[in-house]
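One structure is given below, encoded as structure tokens.
The values are calculated or read from the model by the stated rules, or taken from the named source; none is laboratory data. Bear in mind the structure is a predicted one, so any value in this text is a computation, not a measurement. Virtual Cβ from ideal backbone geometry, glycine too; neighbours counted across all protein chains shown.
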Amino acid sequence: MSLKYALIGCGRISPNHVLAAKNNELEIVALCDIVIEKAEKHINQFDLRSSTKIYSNYKEMIFAEKIDLIAIATESGNHAEIAKYCIKKGIHLIIEKPIALSLKDADEIIKLSKEHQVVVSACHQNRFNKSIRKIREAVEQNRFGRLFHGTAHIRWNRGQDYYIQSPWRGTWDQDGGTLMNQCIHNIDLLRWMMGNDIDEVYAYTDNLNHPYIEAEDLGLALIKFNNGGYGIIEGTTNIFPKNLEETLYLFGEKGTVKAGGKSVNIIEEWLFSDNIDNAEEVKEKYHETPPTVYGFGHNPLYADVISAIENKREPYVTAEDGRRALELVLAIYKSSFEKKIIKLPLRDCSTSEFKKQPVTMSRDK
């Protein structure tokens, strides 16, 4: 018997969720969006059964329907409130990135999920890219030896039409800037690959080309990991004239790897001293060409969450993983605004703390 599924939020990323739900044979009992027409569009687009109901209020939906698993794909600023309500109702969750906009909310989500024994997965679907899973395997097998440093580059384009389409984007209350929205996936991968535990962060952020948003369109950060390795993050939505690349480099004493393409979906360099596999064969086998930067990761992420629910285990991407990605982005913001090195861990921080700061953050007036 398949799990009963509902989606809250039918915006830009939602088709990936509906398709993943269908591919994994979930029973899609409801779609919810404050704009009913968005949900209705999915009914037709995905040929959903007449039993799939539409709601504009998620609390009414939860009251009326028996739901096992919900995906939250609303404005980022609403993720935490909805998540906490669902968890208290005993519903398993997939939460689109970021898991929340404050560490306090992220910690409460984690705490509640344990208390109510529900599965909560942060939707960092790029961890399921063929390229990334192969690289992660090499990390876990210690093929790199000591990891010296890694870099994450997100060189994309977002214009004014993107922000007009959904005015919550680029605001401190509901989103953040390019690091929180576009770049958090690769930021998650860099932290994960380099050992997770971070000592300190130093960063610059700025708004160079998007005067109509509150937050940054460029972020540059240096990271010192507890294991002695270093990280570099470059994230921007100022690339002319369209998305260029999303790349992840790892440099170790015994290995060098580059994952590239539009969304780290291609292995472009594969060099290891052990020579236990053929580089050209690896590049060919672990190569994907998704139609969008969202990649193919939602489908396997859903499969993993379903398995985690059925087998009462943690998902491959946990709520704690979502918190780590959030913490690093917030540390970058904090470093830029306070113009100093920020030590981790952070106990509490939120995007709302930066709301009253000037849009151009890194330059002295």
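Remarks
- Among the residues making up the stretch 214-223, those that are hydrophobic (A, V, I, L, M, F, W, C) and surrounded by fewer than 24 Cβ atoms within 10 Å (Cβ to Cβ) are 218, 220, 222.
- Filtered residue count, the stretch 181-206, keeping only those that are crowded, with 17+ Cβ neighbours inside 10 Å and among the acidic types (Asp, Glu): 2
- Residue match in the stretch 338-355 (condition: touching a residue at least 40 places away in the same chain (Cβ under 8 Å), in contact with a Pro (Cβ under 6 Å, 6 or more places away or on another chain) and on the phi < 0 side of the Ramachandran plot): no
- For residue 209: the one exception among (1) free of Cβ contacts under 8 Å to residues at least 40 places away in the same chain; (2) buried (at least 19 other Cβ atoms within 10 Å of the Cβ): (2)
- Among the residues making up the stretch 326-342, a single one is of a type in the set (Phe, Trp, Tyr) and either surrounded by fewer than 21 Cβ atoms within 10 Å (Cβ to Cβ) or outside any helix (DSSP H, G or I) (or both): 337.
- For the stretch 78-104, filtering for residues that are small (Gly, Ala, Ser) and within 19 Å of residue 354 (Cα to Cα) leaves 3.
- Qualifying residue in the stretch 263-280 (condition: in contact with a Pro (Cβ under 8 Å, 6 or more places away or on another chain), of a type outside the set (Asp, Glu) and within 21 Å of residue 127 (Cα to Cα)): yes
- Among the numbered conditions (1) within 16 Å of the chain's Cα centre (by Cα); (2) assigned to a loop (DSSP other than H, G, I, E, B), the only one that residue 345 does not meet is (1).
- For the residues 156, 168, 172, the requirement of being at pLDDT 95 or above, in contact with a Lys or Arg (Cβ under 7 Å, 6 or more places away or on another chain) and not polar (S, T, N, Q) singles out 172.
- Taken over the stretch 140-175, the residue count meeting the criterion of being aliphatic (A, V, I, L, M) and surrounded by fewer than 20 Cβ atoms within 10 Å (Cβ to Cβ) is 1.
Yes/no per residue for (1) out of contact with any Cys (no Cβ under 8 Å at 6 or more places or on another chain); (2) of a type in the set (Ser, Thr, Tyr):
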residue	(1), (2)
32	no, no
35	no, no
39	no, no
45	yes, no
51	yes, yes
55	no, yes
59	yes, no
73	no, no
80	yes, no
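- The set of residues in the stretch 33-79 that are among the β-branched types (Val, Ile, Thr), at pLDDT 95 or above and surrounded by 17 or more Cβ atoms within 10 Å (Cβ to Cβ) comprises 52, 54, 62, 67, 70, 72, 74.
- Residue satisfying all of: in the stretch 310-325; more than 12 Å from the chain's Cα centre (by Cα) and assigned to a loop (DSSP other than H, G, I, E, B); nearest to residue 231 (Cα to Cα) among these: 316
- Qualifying residue in the stretch 218-233 (condition: in a loop (DSSP other than H, G, I, E, B), at pLDDT 95 or above and in contact with a helix residue (DSSP H, G or I) (Cβ under 8 Å, 6 or more places away or on another chain)): no
- Looking only at residues in the stretch 242-290 that are in a strand (DSSP E or B) and either out of contact with any strand residue (DSSP E or B) (no Cβ under 8 Å at 6 or more places or on another chain) or without any contact (Cβ under 8 Å) to a residue 40 or more places away in the chain (or both), the one that is surrounded by the fewest Cβ atoms within 10 Å (Cβ to Cβ) is 271.
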